[in-house]
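Report on one structure; see the data block that follows.
The values are calculated or read from the model by the stated rules, or taken from the named source; none is laboratory data. In this text, all values refer to a predicted model and were calculated from it rather than measured experimentally. Here the Cβ is made from the backbone with ideal geometry for all residues, glycine too, and neighbour counts use every protein chain on show. Side chains included, ligands, DNA and RNA excluded: accessible areas come from the protein's heavy atoms. Shrake-Rupley method; radii C 1.70, N 1.55, O 1.52, S 1.80 Å.
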Amino acid sequence: MGRKIHIVEVGPRDGLQNDPANLSVDQKLEFIARLEAAGVARMESGSFVSPRAVPKMADSPAVFAALKRNSRTKHIALALNETGVRRAIEAKADEINFVLVAGEGFGRRNQGMSPQESADMLAKCAPLVHEAGLPLSATISVAFGDPYYGDVDIGVVGNLAAQAQRAGIAELALGDTIGAATPWDVRQRIERVRMEAPDVSLRLHFHDTRGAGLGNVFAAVEAGVDVIDASCGGIGGCPFAPGATGNVATEDVIWMLHRAGFETGIDLERMIETARWLEGVLGHGVSSALSRAGAFPRL
Ligand code: COA
Ligand code: ZN
């Protein structure tokens, strides 16, 4: 058995929130069902944010209400404030992922918060999630660079991680919302966060905006990280990060990992098929390399 790398599929949330296509609830459910059939065991299935801020996620309550639940798949809900956390609990999310922000420029525009205000909001919301008996994770968005203010001090990321640990989160993601990271930054920031928050396990979240996405996954796995976010087809982006493109593509990530002997529990062929199916539903091409080139060797 190779080392297991757990993929968190974020296509239904990070992917669809910024796509020009408007999927119906039924199309979102079919996307989720296809991902499950491919072997995805944990995915961000929606977000509970202001429908004015992100109209494409306005139907997340309907999506969660209609999910065909099974004991194998955990459906994560994203939330950024107390209203969102309460709505996510109400929707019977299996887990809540809270968004912290490491840059003031992005923080103000994305969620009306400074980095410290986002940490204070997490401290306020964490007890609600714990009382509901749900796992709580957090993502530090723009952890490698802010689209408006530029470089993000590594100290801010470390400080947020320490506060997140104190709030009692189980897992922390470093989010490269705008594709600013290089593999060397990834290693450095992982080391810093491990020093400041030794009790939380790490997950890494990359966007492939500047071509360093798979290199960054490599750096994270080499640094001992076992959980990686990715989106089928590499779809996505953030409405509040100009020019941001999609996440690293799930099929590209798992192909690279499987070739190297890691296990993900995901069927590569079915993931490629799902990316190709998605192109039809979205009405445009997706950016993943494997949906274009197919696997090597041929499946
Ligand atoms: N779900 C639904 N509605 C919400 C909400 C939530 N979680 N939080 C706030 N709202 C509503 C309020 O009821 C209010 O509605 P009203 O104007 O009709 O009275 C309005 O949104 C503004 O509320 P306020 O508390 O003043 O928030 P804000 O304007 O400072 O915005 C956020 C803060 C977090 C609600 C908003 O910036 C947001 O939803 N951002 C999401 C960004 C996102 O998802 N980015 C991608 C993922 S990182
Ligand atoms: Zn993202």
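Points worth noting:
- Ala138 vs. criteria in a strand (DSSP E or B), touching an Asp or Glu at 6+ places or on another chain (Cβ under 9 Å) and hydrophobic (A, V, I, L, M, F, W, C): yes
- Where helices (runs of 4 or more DSSP H) fall entirely within region 225-299, those with at least 1 residues that are among the small types (Gly, Ala, Ser) are at 268-282, 289-293.
- Per the listing Asp185, Asp199, the residue uniquely part of a loop (DSSP other than H, G, I, E, B), away from ligand 2 (no atom under 16 Å from the Cβ) and over 24 Å from Met271 (Cα atoms) is Asp199.
- Qualifying positions in region 117-155 - within 16 Å of ligand 2 (Cβ to nearest atom) and touching a helix residue (DSSP H, G or I) at 6+ places or on another chain (Cβ under 7 Å): Ser118, Ala138, Ile140, Ser141, Val142, Ala143, Phe144, Asp146, Pro147
- Subset of region 18-44 (residues that are away from ligand 2 (no atom under 16 Å from the Cβ), surrounded by fewer than 20 Cβ atoms within 10 Å (Cβ to Cβ) and either of a type in the set (A, V, I, L, M) or at pLDDT below 95 (or both)): Pro20, Ala21, Leu23, Val25, Leu29, Ala33, Ala37, Ala41
- Filtered by the rule that a residue be more than 8 Å from ligand 2 (Cβ to nearest atom) and either in contact with a Lys or Arg (Cβ under 6 Å, 6 or more places away or on another chain) or open to solvent by less than 10 Å² (accessible area, probe 1.4 Å) (or both), region 223-234 gives Ala223, Val225, Val227, Ile228, Ala230, Ser231, Cys232, Gly233, Gly234.
- Residues of region 45-58 satisfying the condition of being open to solvent by less than 40 Å² (accessible area, probe 1.4 Å) and more than 10 Å from ligand 1 (Cβ to nearest atom): Ser45, Gly46
- Hits in region 68-80 (condition: surrounded by fewer than 21 Cβ atoms within 10 Å (Cβ to Cβ) and either under 19 Å from the mean Cα position of the chain (by Cα) or farther than 25 Å from Ala21 by Cα (or both)): Arg69, Asn70, Ser71, Arg72, Thr73, Lys74
- Any hit, region 157-166, residues being within 16 Å of ligand 2 (Cβ to nearest atom) and either farther than 30 Å from Ala260 by Cα or surrounded by fewer than 17 Cβ atoms within 10 Å (Cβ to Cβ) (or both): yes
- Residue among Glu196, Glu131, Glu191 that alone is closer than 20 Å to Gly84 by Cα, surrounded by fewer than 24 Cβ atoms within 10 Å (Cβ to Cβ) and without any contact (Cβ under 8 Å) to a residue 60 or more places away in the chain: Glu131
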